Amino acid sequence: MEEAKHAASIALENVTYRYSIGTPFEKAALQNISLQFEGGIITGLMGHTGSGKSTIAQLLNGLLQPTEGKVTIDGKDIWEDPKKISQIRFRVGLVFQYPEYQLFEETVLRDIAYGPGNMGLPQEEIQRRVADAAKFTGITPDMLEKSPFELSGGQKRRVAIAGVMAMDPEILVLDEPAAGLDPRGRKEILGGIRAYQREKKNTIIIISHSMEDMAIYADKLMVLDHGHVSRYGTAHDIFCHAEDLKRVGLSRPQITKFIMELQKAGIPVESGIYTVDDAYHEVLRVFGEKERG
Amino acid sequence: MLKDITLGQYFPGNSVLHKLDPRMKIFLIIIYIVTIFAANNPLSFVLVLASAFVLMLISKIPAKLILRGLKAVFFIMAFTAVINIFWTSGEHLLLDLGIVKIYMEGITYAVFMIVRVISLIIGTSVLLTYTTSPIALTDGLERVLAPLKVLHIPVHEFSMMMTIALRFIPTLIEETDKIISAQKARGADFNSGNLMQRAKALIPVMVPLFVSAFHRADELAIAMECRCYRGGEGRTRMTQLHYQSQDIVMLIVMLSFMAVVIALNFIF
Ligand SMILES: Nc1ncnc2c1ncn2[C@@H]1O[C@H](COP(=O)(O)OP(=O)(O)O)[C@@H](O)[C@H]1O
Ligand SMILES: [Mg+2]
């Protein structure tokens, strides 16, 4: 058995965050929230728009400082020494929502190397990491030599993700990495992130509001509602509670709804189907049986 | 963060000042500025300062917000005050430090200067920027300047440019904030190193910012083209401006105030 490397877990403890403190626009985005992301797995963080997902993402890597409460990695407060907060940013990578705009270098290669370069790594190590990150994000060698500004939107997105992956953080947070992409682009990016996690065995948090995607790519799901965690568990645990989901403004995958309609119509399919692939096998199984019977 | 810069930002509300005709506000501001610079004795300065605070109260804009705007120019004020104190000579010597001599006149000038700057900032921000939406402001400006069209000055185009510029300031600030955060997440360090290193650290912020600004400008131009924008000629307006009784009252109050301050100059 491969020796399991310790994967860091990160948590919010009674965190309150207010934007624009001291102005008339002051607004509490999070109110006394506590949650923990387990180490070594992919957690899908879900919630409706405005539920504070992006705020959590920025709290996790110290871009925002909690108004009250603590952010801890393996139990240690990241704000213990505010001067060392940039070290935390190397440990917790964050890919922003629509990260395409952050590209600036002359070539894709140099842009991906920007983060590792800031970490002060030796040149060979940087090159190795860039190649690694390019592999997981599906960036081809000829793309590496191009200017990031001549790429398509989806390609820019990959470059931006690769730029953070190349920093090889212990914890990687991605804010809606697949938003606005076509199904194939979504699959490639999310699949790449999963492959990356399976190899590095690090801790990954993917923010999304696509139940379909998270059912496939995340190990555990966490559902936010009005600034607190309303559900946490595997896809199966979460999708059993349809009413709950509706209340927080999310819905079950369409394929699950479809399977339930089949059940209602008296076809003996199993419940607990969240992906099209599973549905495909289940339907084949049932109808295959019928033919035999 | 950058967003906290509030100097020159519209603050919605429904005070009398918010409801004034933007053209009238422009006239009021001019009168007010003239008054501030006409003041030249202690009593007038007290009046000017008091009027600034009265305007602030009428506007119902939180004092905190305005004081923050003042903080932004604090250094300029301190600097001019110091210059005034050390470089003004007069008759009443207070302190002789050898190279520099401090005179009573210098201190008076410094205080007057500070009062002027404070009143100017409070007055203009409360009368104009905080209480007038950018659209109303440029609209008012365009109409006040309309007579210049006779001289073939493209007043409409200037005001449209200003409207667009004002419209995009918050967007650009937000965008800059976002890009700074994103680059910080990639380990960018904007706060250490020498001047050269710091300037270089800004490249990852400036490049994306310019790229997106040009992009936006392009899109806006296309969108305007699609809606058949052809400049000001023959263009009608959705809102027609009419002076109300409150505009006239404010004008009379402001003119009287100026008259009082100028009269005080003759008395002292
Ligand atoms: N920069 C900001 N300034 C003020 N309020 C903000 C800012 N960013 C987010 N908010 C507010 O905080 C709340 C949570 O936002 P966010 O974390 O972006 O949610 P989500 O990512 O789940 O859509 C929202 O109500 C939003 O209006
Ligand atoms: Mg968000």
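The values are calculated or read from the model by the stated rules, or taken from the named source; none is laboratory data. Owing to the predicted nature of the structure, the values given are computational and were not obtained by experimental measurement. Here the Cβ is made from the backbone with ideal geometry for all residues, glycine too, and neighbour counts use every protein chain on show. Keep in mind that these areas ignore ligands, DNA and RNA; they rest on the heavy atoms of the full protein, side chains included. Shrake-Rupley method; radii C 1.70, N 1.55, O 1.52, S 1.80 Å.
Restricting the calculation to Cα atoms, the stretch B:106-146 shows an Rg/Rh of 1.25 when the hydrodynamic-style radius is the Kirkwood one. Label positions at B:T236 and A:E125, each projected 7 Å from the Cα along the C-beta direction, are separated by 7.0 nm. Legend: mean number of C-beta atoms from other chains within 10 angstrom of residue C-beta atoms, peptide A:165-173, equals 1. Taking a ≥ b ≥ c as the square roots of the eigenvalues of the alpha carbon gyration tensor, chain B is oblate, as a/c is not under 1.5 and a/b does not beat b/c. Taking label points 7 Å from Cα along the Cα-to-Cβ direction, A:K27 and A:I267 give a separation of 4.5 nm.
Normalised per residue, the accessible area of the stretch A:1-153 is 47 Å², obtained with a 1.4 Å probe and no contribution from ligands, DNA or RNA.
Measuring heavy-atom accessible area with a 1.4 angstrom probe and counting protein chains only, the residues of the stretch A:82-107 that give up at least 10 Å² relative to the chain alone are A:R89, A:F90, A:L94, A:F96, A:Y101, A:Q102, A:F104. Rounded to whole Å, give me the distance from the Cα center of the stretch B:105-154 to that of the stretch A:87-154. Each part's Cα centre sits 47 Å from the other's.
Of the cross-linked pairs A:K83/A:K156; A:K156/B:K184; B:K64/B:K101; B:K60/B:K149, those separated by over 30 Å at the C-alpha level are A:K83/A:K156; B:K64/B:K101; B:K60/B:K149.
Return the carbon/sulfur percentage of the accessible area of chain A, one whole number, probe 1.4 Å, all protein chains in place. Carbon plus sulfur share of accessible area: 51 percent.
Its DSSP H runs of at least 4 residues, each contributing -39,500 (n - 2.57), put the calculated 222 nm mean residue ellipticity of chain B at -22500 deg cm²/dmol, to the nearest 500.
Does the stretch A:90-147 come out rounded, prolate or oblate, given a ≥ b ≥ c as the square roots of the eigenvalues of its C-alpha gyration tensor, rounded meaning a/c under 1.5 and, failing that, prolate meaning a/b above b/c? The shape class here is rounded. Size of the stretch A:111-195: Rg and Dmax of its alpha carbons, in Å, are 12.4, 38.
Pairs of Cα atoms nearer than 8 Å and 6+ residues apart set the relative contact order; for chain B it is 31 percent. A 1.4 Å probe run over the protein chains yields, for chain B, 59 Å² of accessible area per residue, whole-number rounding.
When all protein chains stay in place and ligands, DNA and RNA are ignored, the 1.4 Å accessible-area order of B:L251, B:L70, largest first, is B:L251, B:L70. The Rg/Rh ratio of the stretch A:253-293, with both radii computed over alpha carbons and Rh defined as the Kirkwood radius, is 0.96.
Placing pseudo-labels 7 Å out from each Cα toward the beta carbon at B:I31 and B:M206 gives an inter-label distance of 4.6 nm.
Heavy atoms of chains B and A lose about 1800 Å² of accessible surface on contact, summed over both sides with a 1.4 Å probe.
Here the extension length gained between B:V100 and B:V260 equals 53.8 nm, from 0.36 nm per residue of separation less the Cα-Cα distance. Among the helices of chain B, those built from whole DSSP H runs whose Cα atoms reach 27 Å or more along their own axis and whose mean Kyte-Doolittle hydropathy is at least -0.5 are B:104-124, B:155-185, B:203-226, B:245-267.
What FRET efficiency would be calculated for the residue pair B:I248, A:D81, taking the C-beta separation as r and a Förster radius of 56 Å, to the nearest 0.05? Working shown, then result.
Numbers: r = 62 Å, r/R0 = 1.11.
For R0 = 56 Å, the calculated efficiency reads 0.35.
Percent of Cα pairs in the protein assembly as shown per distance bin of 10 Å, from zero to the largest separation: 3, 13, 19, 19, 17, 14, 9, 4, 1, 1, 0, 0. Here the alpha carbons of the stretch B:160-210 define both size measures, Rg and Dmax, at 13.3, 42 Å. Based on DSSP H segments of at least four residues, each scored -39500 (n - 2.57), chain A has a per-residue ellipticity at 222 nm of -12500 deg cm²/dmol.
Which shape class applies to chain A: rounded if a/c is under 1.5, otherwise prolate when a/b exceeds b/c and oblate if not, where a ≥ b ≥ c are the square roots of the Cα gyration tensor eigenvalues? Note, shape of chain A comes out oblate. Compared with the dominant Cα axis of chain A, that is its longest principal axis, helix A:254-264 is turned about 20°. Kirkwood hydrodynamic radius of the stretch A:1-130, from the reciprocal of the average inverse Cα-Cα distance over all distinct pairs: 16.8 Å. Among the residues of the stretch B:158-200, those with an accessible-area drop of 10 Å² or more from chain alone to full protein complex, heavy atoms and 1.4 Å probe, are B:K178, B:I179, B:S181, B:A182, B:Q183, B:K184, B:A185, B:R186, B:G187, B:A188.
I need the calculated FRET efficiency for the pair B:F190 and B:F214, taking r as the beta carbon distance and R₀ as 25 Å, to the nearest 0.05. Given R0 = 25 Å and the Cβ-Cβ separation, E is 0.60.
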